[in-house]
């Protein structure tokens, strides 16, 4: 019995030693694993060099085309229209007869009265047709002068200092989306609209072929000024913690630089502060980076386009 107890004790001691050694071995292995340096992630990127470009500051507004002038034609005598001698779209010259009116006063026999135009224009609308009563207060038709048309566009008061009478502008029409029409400022309203703080600008557009029709929607663009600016590809700009920034490639690592941005110009963006030009800016891959991340540059740096 005594020998059996000794054997059991020896076995238990050996088992405890084995378990202790095994646990120590596991702890040592975990320490070695923790001490081993983590694998370094290297991000492949592309780069570009900021360029200096000439930029134009633009002012944009919109409005509707209007005739340069519009005149209503009246009969100088009361009666009924016997005949209209023109139709919508007819070109009318000064002194041309446009309508015949029969006077209908009882007891009198009048010759038909000829209604003549005092001005040149195009018939925009026939208001009264044969059989209708006319007088000095009821217009028979409207004439418009569309050899030139105008557009009135509201410009924000903060931009009015950049616009002056005689200044050129460019007009785009939905009717002719691939064309641009030259316009010139002819009038500037002396007052601002108190509701939206805009000032009406009137522009004149030559229209010898009468392609431009009053009522068409127009978008107007002025050049407010020209300047040079540093630009980078738009893809290089990222945001970290609410701050616009770019990453520079330096000695195999990404260095984060806060920047202030300006206008977007096509696929590029203007940098107002933060870059001086000549730096190597990370473009493709910038969105995946953090400051001091390791990088590898794919190919030589290109300039902003």
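What the table shows:
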| read-out | value |
| --- | --- |
| Residues residue 72 and residue 104, FRET efficiency given R0 of 22 Å [Cβ-Cβ distance, rounded to 0.05] | 0.50 |
| Counting all C-alpha pairs of region 157-304, share separated by more than 20 Å (%) | 63 |
| Full-stretch length increase - residue 158, residue 136 - with 0.36 nm per residue and alpha-carbon distance subtracted | 3.3 nm |
| Nitroxide proxy distance, nm - points 7 Å out along Cα→Cβ at residue 209 and residue 111 | 4.4 |
| FRET efficiency, 1/(1 + (r/R0)^6) with R0 45 Å, evaluated for residue 119 and residue 197 via beta carbons | 0.75 |
| Region 75-139 - percent relative contact order, Cα under 8 Å, separation 6 or more | 46 |
| Computed E for residue 228/residue 189 - FRET, C-beta separation, R0 35 angstrom, nearest 0.05 | 0.55 |
| All-pairs alpha carbon distance profile, region 75-139, 10 Å steps from 0, percent | 22, 53, 21, 3 |
| Which of 204, 133 has the fewest Cβ neighbours within 10 Å, and the rest in rising order | 133, 204 |
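Quick note: the coordinates plus some simple rules give every number you see, no bench work behind them. Bear in mind the structure is a predicted one, so any value in this text is a computation, not a measurement. Methodologically, a virtual Cβ is constructed for each residue, glycine included, from the backbone with ideal geometry; neighbour enumeration extends over all protein chains shown.
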